[in-house]
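Okay, structure first, notes after.
The values are calculated or read from the model by the stated rules, or taken from the named source; none is laboratory data. From a predicted model like this one, the values you see are computed outputs, not experimental measurements. Using ideal geometry, Cβ is built from the backbone for each residue, glycine included, and neighbour counts are taken over all protein chains shown.
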Amino acid sequence: MTDFLLELRCEEIPARMQLKASEDLARLFTEELAKSGLKPESIDSFVTPRRLALIARNLPLETAAVSEEHKGPRTSAPAQALEGFLRKTGLTQDQLEDRDGVWFAVINKPGRATAQVLAEAVPTVIRAFPWPKSMRWGKASQTTESLRWVRPLQGIVAILGEELVDIEIEGIKSGYATLGHRFHHPGEITIGGAHDYAEKLRACHVIASHRERQSIIEAKAAEAAAAHGYTVIEDKGLVAENAGLTEWPVPLLGDFDPAFLEVPPEVIQLTLRINQKYFVLRDASGKLAPAFICTANIEAKDGGAAIVAGNRKVLAARLSDARFFWEQDRKTKLEDHAKKLERITFHEKLGTVADKVERVAKLARWLVEEGIVGTSAPAKAGAQDGGTQPDPGLLPSQEHKAELAKLAEQAARLAKADLVTEMVGEFPELQGIMGGYYARAEELPDAVADAIRDHYKPVGQGDDVPTAPVTVAVSLADKLDTIVSFFAIDEKPTGSKDPFALRRAALGVISLLLDNRLRTKLAMPLSKAIEAVETIEFVEALSATTEQFKGAPFAFSNMLQPVVLDFFADRLKVQQKEAGVRHDLIDAVFALGGEDDLVRLLARVKALQSFVATEDGTNLLAGYKRAANILKKEGVESPSAPAKAGAQGEAAQPSAELLPSQEHEPLTYTPEPAEAALIAALDAAEPRAAAAVAAEDFEGAMAALATLRAPIDAFFETVTVNDADQDKRSARLALLSRVRDAVHTVADFSKITG
């Protein structure tokens, strides 16, 4: 057993591609060896800006002999079938075996030298390598058949044990030589094998391990910062990027003019991080420090003084630009910036950004005026979680509501204004954030500035969810308009594609509603958003050309709203699955219809999840399903369920005498004890469950339903439902229908699995 070293050396590999390339090399190499029956005990991967490498541990010197068996055609098959099988296997007919009238080919492959397998595998891996972007070079690049690599491939090291594996691809031959650090050791290094690869590179100022370079950068950057009383703002992505830019990382601390700190800190952080790849520092008070850490790729004789001076000079120019943008943008009011949005297309079918702003402003104001946003207040004592209405005495006054509505509209009209500023043009990541700063500079109300700053939130899992009423109104309006607009022009997410981030917007809406406990049927704001979208010229034309809908004039909202609600239902399942909520229980509540108050819906779902996990819940579910199956077999549908189609397509209705009466008619016979007990239990449980649901006390509703568990069990044990007596049969089916309907006051149990 011995180790194999492979190094592929080239010009600088982009930092963002290195770790994935290292993984791909190990994967492709392992897959290619497996085709010959070789499996290394383990693989160590290395990557630097100028090389990809791996060490395959404990490979045998020869592959094992293998026997392959291939099933062929029947012996009675046409001659053409046999000829094709012989061509495929490379055998003659006398070499085949006849097994019960079927030809079999047994091909014995002798073992091969591992070096020979590697010599064939490595070029295959190189040619199949999945670089995100690659190039051809030199004279060979005149043909599309030439080798493609991320940057021109310059050398190959391939050593099995201490023996060279002869490999040649596009004129590049394998050898024992590689190169050290570009400045510290520009000459060749002779590698003896896998055993001395990493250490020989280290001696020549190349740290082959990407992970080790990251550790060095983190440790030395923290050490340099601490020496000046600073701390490094954690940034794992930047650490990895700097490790991908250096083979011998040397973190160095520099400073900049504290006067630049008058620029918003986010601008300075982005200038340092995005433009310069510098680490950002905080001082002892937690504020941004007038200092940075850059990562050099060389041990400078002067301790890095010249490197720091050069970086300081470049950074000063960058920060001067940022300060200029900051000063220039503030010379124009946000209101005037917003007028320029008329020149920016939001989408060719949806008009300009100014058009979107108009829709969002009206919707944000409406959300406040309707009391959907801005009316949250502590619930009355004794109320159940997720269920109550706020105490009317604590609701905001009409004057306060009018003020909130005015602020929400103002914030919405200015929220996108910073898109046309110089600063956001330079740093698109700062949209919204810069608008907030400019609003404060104009001394606009804090609520408006905060809403402009945070109206994009939440932008992803774990992001802060706004709670200020004005911000919530603008954020909700913006996201709802985006979703409805793109659904209106049939730009819905498909599969893994979601170019307009509508899934993320829907999750944002759900988080805003749930975290702020906003009590509204989602259909209400959706309808308002759809009304605004219907005025868009393209959508108006689409609606006008649509055929009549079920005999009535077509209404665009009739088609769009259910589709968008279904989309939200799917997103809610995704979000709640991560929180441990079962999707079938969400389906069970949605199936009732009309339940799109997400706060109430989830309260109902969580109470249901707790209930079905209990013994009472499990047994009641089993009893319900037994009752439902009997009713289904007898054609007794739930009042809200559609009738089944008959054999010829006509609507089939159950016979009238089997339908349960809305009024529980007196029985014409003496019920059996278990039957009477179930009737009594239902008489008690039905009003209790209905009252609890009306009060949004879903735990109480479950408790009421739990009392049915024992009577249902006893009923099925002792009572014959399909009695020969028609009156008894009809009454007992009606009783089971009452059981089903009582359970359906909470959820459609037929949707629950298990």
Q | Answer from Ile298, Ile233, Ile293 - the residue that is surrounded by 20 or more Cβ atoms within 10 Å (Cβ to Cβ) and touching a residue at least 40 places away in the same chain (Cβ under 8 Å) | A | Ile293
Q | Any pair with Cβ under 8 angstrom, 6 or more apart, that starts in segment 174-202 at a residue that is surrounded by fewer than 18 Cβ atoms within 10 Å (Cβ to Cβ) and ends at one that is among the acidic types (Asp, Glu) | A | Ala177/Glu188; Arg182/Glu247; His184/Glu299; Gly192/Glu162; His195/Asp3
Q) Quick one: is Arg440 touching a residue at least 24 places away in the same chain (Cβ under 8 Å) and either more than 20 Å from the chain's Cα centre (by Cα) or part of a helix (DSSP H, G or I) (or both)? A) no
Q. Looking at (1) assigned to a strand (DSSP E or B); (2) closer than 22 Å to Glu12 by Cβ, which is the one condition that is false for Ile55?
A. (2)
(Q) All but one of (1) modelled with pLDDT under 95; (2) not in a helix (DSSP H, G or I) hold for Leu86; state the number of the condition that does not hold. (A) (2)
**Q.** Search result, residues across segment 468-515 that are of a type in the set (Val, Ile, Thr), more than 19 Å from the chain's Cα centre (by Cα) and closer than 20 Å to Arg413 by Cα
**A.** Val470, Thr471, Val472, Val474, Val484
(Q) Consider segment 148-170. How many of its residues are part of a loop (DSSP other than H, G, I, E, B) and either without any contact (Cβ under 8 Å) to a residue 12 or more places away in the chain or farther than 20 Å from Glu12 by Cα (or both)? (A) 5
Q: Sort out for me the helices (runs of 4 or more DSSP H) sitting completely within segment 576-646 that have 2 or more residues that are at pLDDT 85 or above and more than 22 Å from Ala703 (Cα to Cα).
A: 615-634
Q: Considering only segment 121-147, state which residues are part of a loop (DSSP other than H, G, I, E, B) and either within 33 Å of the chain's Cα centre (by Cα) or at pLDDT 95 or above (or both).
A: Ala128, Phe129, Pro130, Trp131, Pro132, Lys133, Ser134
Q | Residue that is farther than 20 Å from Ser22 by Cβ, modelled with pLDDT of 95 or more and part of a strand (DSSP E or B), where the choices are Leu272, Leu261, Leu281 | A | Leu281
Q: Considering each residue of segment 215-242, count those that are part of a loop (DSSP other than H, G, I, E, B) and closer than 25 Å to Met17 by Cα, and give that number.
A: 3
Q. Just to be sure, is Asn275 polar (S, T, N, Q) and crowded, with 18+ Cβ neighbours inside 10 Å?
A. no
Q.
Given the criterion in contact with a Phe, Trp or Tyr (Cβ under 9 Å, 6 or more places away or on another chain) and among the acidic types (Asp, Glu), identify the matching residue among Glu327, Glu342, Glu348, Glu369.
A. Glu348
**Q.** Residue list for segment 522-537, restricted to those being among the charged types (D, E, K, R) and buried (at least 17 other Cβ atoms within 10 Å of the Cβ)
**A.** Lys528, Glu534
**Q.** Condition broken by Glu429, with the remaining ones in (1) modelled with pLDDT of 95 or more; (2) of a type in the set (Asp, Glu); (3) under 28 Å from Gln328 (Cα atoms) satisfied
**A.** (1)
